[in-house]
1. Give me the net charge of Gln185's neighbourhood, meaning all other residues with Cβ under 13 Å from the Cβ of Gln185; Lys, Arg count +1, Asp, Glu -1.
2. Under 13 Å from the Cβ of Asp109, count the other residues' Cβ atoms, weight Lys and Arg +1, Asp and Glu -1, and hand me the total.
3. Net charge near Lys153, counting Lys/Arg +1 and Asp/Glu -1 over other residues with Cβ under 15 Å of its Cβ?
4. Let me see the P(r) profile for region 114-194: every Cα-Cα distance counted, bins of 5 Å, each bin given as a percent of all pairs.
5. Arrange the following residues from fewest to most other Cβ atoms within 10 Å of their Cβ: Tyr123, Tyr47.
6. At 37 °C and a viscosity of 0.692 mPa s, what translational diffusion coefficient does Stokes-Einstein give for the chain, taking Rh as the Kirkwood radius over Cα pairs? Give it in µm²/s as a whole number.
7. Taking amide H positions as placed 1.01 Å from N in the peptide plane, with prolines and chain starts having none, which residues 5 or more places from Ile111, or on another chain, fall under 5 Å of its amide H?
8. Could you work out the relative contact order of the chain? I mean the mean sequence separation of Cα pairs under 8 Å and 6+ apart, divided by the number of residues, in percent.
Amino acid sequence: MNKLLLLGLAVLTSAFTLTAQDLSESQNPVEDEFTRIIEGSNDYQGYKVVDYNDLIKLKKNTANFIDELNNEIITQKNTIDQQQKDISLLKSDLESTQKNLKEVTADKDAITFLGMPFSKGTYMALMWGIVAILILLLLFFIFQFKKGHVNTKEAQNNLLETEKEFEAFKAKALVKEQRLGRLLQDERNKASDN
């Protein structure tokens, strides 16, 4: 912004310098004409007698010079007005550009997640938090799986032991049943013999 202001001031300064040079150069003919008329006039009792035609010519040249100066002033005023408009336009463009730059910087530094904008730091913290939660859940499920696996193994071992005991009991019961069947048969045989 300062560069634009300095550039505008440099342009205005150069415009005024050129105008001042033009004015000083254009003043010389009128000044020279006054000097020529005064020097070319006759002295009469302490007064200067000036040729009427020279005086009319001086008046006409002075009026033309004043018109030129007025035109130059109007031109310079228009130039200054235009430069001020340009400076105002440049300032508004600069402000707009700076605003856009801030928006672009904010957009660049922001990440949209689930439709909500987050700064990069917040986004990274959120992502690492989610990863940490997922790791904790994974460890919890692994622990639960191992615990369930141990319980299942224990239940299977208990089942095998129970089945072995049941087979042993079944074998004993079969032996006992056969023995009782023989005893029963023996008792029937004795009862039928009597």
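1. 0
2. +1
3. 0
4. 4, 11, 8, 8, 7, 7, 6, 6, 6, 5, 5, 4, 4, 4, 3, 3, 3, 2, 2, 1, 1, 0
5. Neighbour counts put them in this order, fewest first: Tyr47, Tyr123.
6. My calculation gives 109 µm²/s for D.
7. Distant-sequence amide H within range of Ile111: Phe118, Ser119, Lys120.
8. Relative contact order here is 16 percent.
Taken together, the values in this text are just the output of simple stated rules run on the coordinates, not laboratory data. Computed from a prediction, not measured in an experiment: that's the story for all the values here. No Cβ is skipped: glycine too gets one built from the backbone with ideal geometry, and neighbour counts run over all protein chains shown.
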